[in-house]
Amino acid sequence: MTTAQKETMGFQSEAKQLLHLMIHSLYSNKEIFLRELVSNANDAIDKRRFAGLSDPALLEEGVELGITIDIDEDAQTVTVSDNGIGMTRDEAISHLGTIAKSGTAQFLESLTGDQQKDAQLIGQFGVGFYSSFIVADEVTVESRSASAAPEEAVLWHSAGEAEFDVETVTREQVGTSVTLHLKADETEFANGWRLRSIVKKYADHVAVPVRMLEEPAPVAEGEEAPEPGYEVVNTAKALWTRSRTDVSEDEYKEFYKLVSHDFDDPMTWSHNRVEGKLEYSSLLYIPNRAPFDLYQRESPRGLKLYVQRVFIMDEAEQFLPLYLRFVRGVVDSSDLSLNVSREILQKDPTIDSMRSALTKRVLDMIEKLAADDEQYQTFWDEFGQVLKEGPAEDFGNKEKIAALLRFATTISEGATQNQSLAGYIERMKPEQDRIYFVAAENYHTAANSPHLEIFRKKGIEVLLLHDRIDEWLVSHLGEFDGKAFQDVARGELDLGDLDESEDEAEQEKVEETYKGLVEKMNELLGESVAEVRLTNRLTDSPACLVVSEDDMGMQMRRVLESAGQAVPDSKRTFELNPEHPLVEKLNDEADMDRFNDLAMVLYDQAILAEGSQLDEPANYVSRLNKLLLELSS
Ligand code: ADP
């Protein structure tokens, strides 16, 4: 229940933390507060204009929508006013006192306390209204919602600590005024020239006029200075409507910050106007860093949609596929109707053609980034994981996306994902007809998989897949450039023409020597495995486990199981390396007890080497200890 009286309330704890952080980590970029306030004012005007389309009573005839910045040098205040949509008392309480973004608590936990790093992170989070408190020790917001009567306006006030208060007041104009009482050492901002230059720098392309009082012109002695009037201090023209050649790099960068609330420059952008059957402009940006909530289901995604320069909605997610959700920007259509809604967007066939054209644009932009390895690595490290969702979601662009993927392989240094599939194919052996990969829970397990031994020996490169999504990705790709993907831990290893045919007689001899052992092992392991056989894939390890050709790979199984999905049981084949001294020893072992212990230890080790857990680790430990004791006695 709300009352007209003044109420004092506490900020939500996340909001409190963010406020505190904002003040302490962004003071070297304090002037951005003005960009944030102007951007909020612009959004509010966009919203009012949009609401007015269906309910003209929400607009006042003859009143131009715009933003005004006033300075009171004596009181040391700066006021940013707009005649946008405004806020009701309840809205002011919830919008200015809480943070509704999902994942905020985790985000706050990830902060380091290091001011420089945290400033970067805050940028990813989006700065917003609280940046006022970087320069102000008190902030007052007076607002009247377009749907409220004059006497239902709200006055919100806070000194930026734990609390704020609200009271109901009367306000003639619809809209919002935010007044900052500057801190004693921030009085430089109570200066018209200074504020003008900040508006020019950060908010020139807000599409509505920003007005300030004229600075007094010098007057001759004895003459009276004329009353200064208001003048427009920004370009007030939507940047995307201008021609590409007229817009400077800096303007593009600042516009990005304005629409994205990001703190950093973008990595790259693409600005286009399409004419013909469909008419629209788009200005798409790839950020420098992934937003903190890229993986939150409800995180903001999509573009700002305008129809003939009238703002329609934020987060119009129908214009790009989910795997490009990190792209920010605007699309302005001349074909859609002004009263288009999300539901209509979902069905409208023009959206489909725009979506596929915009998707191509973004993929082209990424392709361009890929021409520079170093820059692409930055892109990949931030967004690669999301791009990997692409081949499954966007079958039509599968090839294009596949060419943009990067992996760690047996030739990479460490876990860096920096090898393209095209590069892999170039390095393939002439007789090689598949793209080999191993998938594991982490890089280390993948890189040390016993399954790689024969590949290392023969100098064949193998992809080391260690992102949870990788095996799924590869199953969707199926092939690249006509070469099928092959899991090296699956099925009988068929190296095709790469297998220099071994001496068959020799091989038969080995089979003969180990026939008894294989039988004994089959008996010992019984139902736990599909089969025991001799291997041709190991050089250094005594044994390994192999998934059968039609079964799900082990890493995919782990991912599905951890997501709580039922996965059908499957048995694996246990392969023994006849050239390993432990296997030779096992073959000669006459003591049944010791045979069992050694055999089980080899089996358990094969499970450990693939990164799986033992069902009964204690048994493994006690067997191993028994064998160690025998060794020393
Ligand atoms: P963001 O703009 O990223 O949502 P802010 O902290 O800047 O976050 O603002 C929080 C919310 O407060 C906005 O989403 C909006 O609903 C409301 N708000 C802020 N400034 C204004 C304004 N000038 N007019 C109307 N609503 C506003």
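In table form, for the structure just shown:
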read-out	value
Qualifying positions in region 201-240 - within 19 Å of Thr268 (Cα to Cα) and either open to solvent by 30 Å² or more (accessible area, probe 1.4 Å) or assigned to a helix (DSSP H, G or I) (or both)	Tyr202, Leu239, Trp240
Top-ranked residue of region 301-311 - restricted to ones that are in a loop (DSSP other than H, G, I, E, B) and either aliphatic (A, V, I, L, M) or without any contact (Cβ under 8 Å) to a residue 40 or more places away in the chain (or both), ranked as least open to solvent (accessible area, probe 1.4 Å)	Gly302
Candidates Asp352, Asp335, filtered to the one that is assigned to a loop (DSSP other than H, G, I, E, B), at pLDDT below 95 and closer than 30 Å to Ser54 by Cβ	Asp335
Scan of region 550-565 for residues that are small (Gly, Ala, Ser) and outside any helix (DSSP H, G or I), ordered by number	Gly553, Ala563, Gly564
In region 296-350, the residues that are among the β-branched types (Val, Ile, Thr) and out of contact with any Ser or Thr (no Cβ under 6 Å at 6 or more places or on another chain)	Val310, Ile312, Val327, Val330, Val340, Ile344, Thr350
Matching residues, region 68-93, being within 14 Å of the ligand (Cβ to nearest atom) and either in the same structural domain as Pro300 (by TED's automatic domain parsing) or open to solvent by 50 Å² or more (accessible area, probe 1.4 Å) (or both)	Asp90, Glu91
Region 453-464 residues that are closer than 15 Å to Gly423 by Cα and in a loop (DSSP other than H, G, I, E, B), paired with ones that are open to solvent by less than 30 Å² (accessible area, probe 1.4 Å) and aromatic (Phe, Trp, Tyr) (beta carbon under 9 Å, 6 or more apart)	Ile460/Tyr436; Glu461/Tyr424; Glu461/Tyr436; Glu461/Phe455; Val462/Tyr436; Val462/Phe437; Val462/Phe455
Tally of residues being within 16 Å of the ligand (Cβ to nearest atom) and more than 13 Å from Thr68 (Cβ to Cβ) across region 204-214	1
Any chance Thr8 is within 12 Å of the ligand (Cβ to nearest atom), in a strand (DSSP E or B) and more than 20 Å from Val259 (Cα to Cα)	no
Condition broken by Ser110, with the remaining ones in (1) closer than 21 Å to Lys257 by Cβ; (2) surrounded by fewer than 18 Cβ atoms within 10 Å (Cβ to Cβ) satisfied	(1)
Given (1) more than 20 Å from Thr68 (Cα to Cα); (2) crowded, with 16+ Cβ neighbours inside 10 Å; (3) among the hydrophobic types (A, V, I, L, M, F, W, C), index of the condition Val141 fails	(1)
Hey, Tyr285 closer than 30 Å to Ala402 by Cβ, hydroxyl-bearing (Ser, Thr, Tyr), out of contact with any helix residue (DSSP H, G or I) (no Cβ under 8 Å at 6 or more places or on another chain) and open to solvent by less than 50 Å² (accessible area, probe 1.4 Å) or not	no
Single condition Ser412 does not satisfy, out of (1) part of a loop (DSSP other than H, G, I, E, B); (2) open to solvent by 30 Å² or more (accessible area, probe 1.4 Å)	(2)
Residue list for region 1-31, restricted to those being open to solvent by 10 Å² or more (accessible area, probe 1.4 Å), hydrophobic (A, V, I, L, M, F, W, C) and within 25 Å of Phe107 (Cβ to Cβ)	Met9, Phe11, Leu21, Ile23
Residue in region 597-608 that is of a type in the set (Gly, Ala, Ser) and farther than 15 Å from Val529 by Cβ present	no
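The values are calculated or read from the model by the stated rules, or taken from the named source; none is laboratory data. Values in this document were obtained by computation on a predicted structure and should not be read as measured data. Note: ideal-geometry Cβ built from the backbone for every residue, glycine included; neighbour counts use all protein chains shown. Remember, those area values only see protein heavy atoms, side chains included, never the ligands or the DNA or RNA. Shrake-Rupley method; radii C 1.70, N 1.55, O 1.52, S 1.80 Å.
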